[in-house]
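Written out below as structure tokens is the structure these notes cover.
The values are calculated or read from the model by the stated rules, or taken from the named source; none is laboratory data. Only a predicted model underlies this, so the values are computations on that prediction, with no experimental measurement involved. Cβ sites come from the backbone with ideal geometry, for glycine too, and all protein chains shown count toward neighbours. Each accessible area value is taken on the protein alone, full model and side chains, heavy atoms only, with ligands, DNA and RNA left out. Shrake-Rupley method; radii C 1.70, N 1.55, O 1.52, S 1.80 Å.
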Amino acid sequence: MGKLYLVRHGQASFGAADYDNLSELGHRQSVRLGEYLAAKGARFDAVLTGTLKRHAQTYAGIAHGAGMDLQPALWPGLNEYDAEAVITAIHPGPLAPPNTPESYKLHFRLLRDGLTQWMNGVLSPKGMPSYDDFVHGVTSALDHVRKQHTGDVLLVSSGGPISTAIGHILGTVPEKTIELNLQIRNSAVTEFLFTPKRHLLLSFNALAHLDGAEYAPWITYS
């Protein structure tokens with residue numbers, strides 16, 4: 001039985017013109033995770049990542065911290081949905097940047113509403129696949145892991161694909177998948193056990209690498 005480590009990327013640049021870059025803290029979170037995995041004795045047969053910059057940067061930090069040199073397999077199906085497109089589809093007018101408590105709450109309320117409609121086939125955000133196609137992109141990665149590997153595998157992605165993977169193996173409704181999505185913290189680790197036939201959820205949203213008072217300020221969600 002193998003183990004799949006699903007890692008959400010480190011803190012990105014929320015509210016900036018280009019979200020798809022790790023912040024300075026995001027880089028530190030990633031390196032710290034690699035150090036933790038090395039100290040734990042984790043050894044990976046393979047690495048899969050999405051193709052976004054924050055995925056590559058997160059894996060680079062993990063690899064640096066762990067002293068790993070595995071070349072990742074790039075898997076576009078592990079890329080995040082376009083949150084801006086989701087919000088624009090239900091609120092086409094301009095919005096203030098999400099840099100105040102009020103605008104932050106509005107951002108995530110609109111995102112939650114838009115995701116619910118997209119996942120139920122009501123909304124088609126511009127430039128995005130259908131939710132069924134999005135799910136297929138994620139499950140194709142899970143199927144690949146089950147069919148091609150027997151040891152431990154590292155997967156670096158985003159909150160949407162990771163929560164979709166959990167929802168798929170647990171059979172959750174869209175609203176529950178969204179709830180899981182919005183709980184996943186930066187650099188958090190979710191673990192699946194897998195056999196050639198199925199995946200089993202072992203742990204969710206863990207930050208063991210950030211245990212301790214000195215790391216409390218490193219815990220972030222966006």
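General observations
- When shorter helices are ignored and each DSSP H run of at least 4 residues is given -39500 (n - 2.57), the per-residue value for the chain at 222 nm works out to -14000 deg cm²/dmol.
- Principal semi-axes in Å for the range 104-191 [√(5λ), Cα gyration tensor, largest first]: 24, 16, 11
- Rounded to the nearest whole Hz, the Karplus-based 3J(HN,Hα) values (6.51 cos²θ - 1.76 cosθ + 1.60, θ = phi - 60°) of the range 214-219 follow the sequence 5, 9, 4, x, 8, 7, with x at glycine and proline.
- Solvent-accessible area, 1.4 Å probe, carbon plus sulfur percent, for the chain: 54
- Residue among 99, 205, 181 with the largest mean-square fluctuation in a Gaussian network model of the chain, springs linking Cα atoms under 10 Å: 99
- Among the listed pairs 176/197; 53/126; 3/40, those whose Cα-Cα separation exceeds 23 Å are 176/197.
- Charge context of residue 13, other residues only, Cβ under 12 angstrom, K/R +1, D/E -1: -1
- In the context of the full set of protein chains, the range 61-212 has a per residue accessible area of 49 Å² (1.4 Å probe).
- With an a/c value of 1.5 or above and a/b not larger than b/c for the gyration tensor axes a ≥ b ≥ c computed over the alpha-carbon atoms, the range 64-105 is described as oblate.
- Among (i) 0.99; (ii) 1.19; (iii) 2.29, the entry derived from the coordinates for Cα Rg over 2.2 N^0.38 Å: (i)
- Scanning residues 5 or more positions from residue 206 or on other chains, those with amide H under 5 Å from its amide H are 189, 190, with H placed 1.01 Å from N in the peptide plane.
- Near residue 156, once Lys and Arg are set to +1 and Asp and Glu to -1 for all other residues with Cβ below 10 Å from its Cβ, the sum equals +2.
- Separation between Cα centres of the range 145-167 and the range 68-134, rounded to whole Å: 20
- For the chain, built as a Gaussian network whose Cα springs stay under 10 Å, the top-fluctuating residue of 148, 11, 29: 148
- For the chain, the antiparallel share of DSSP beta bridges with both residues in that region comes to about 50%.
- Three-way shape call for the range 145-222 based on the alpha-carbon gyration tensor, with the a/c threshold at 1.5: oblate
- For the chain, built as a Gaussian network whose Cα springs stay under 10 Å, the top-fluctuating residue of 100, 190, 164: 100
- Environment charge at residue 89 (Cβ cut-off 12 Å; Lys +1, Arg +1, Asp -1, Glu -1): -2
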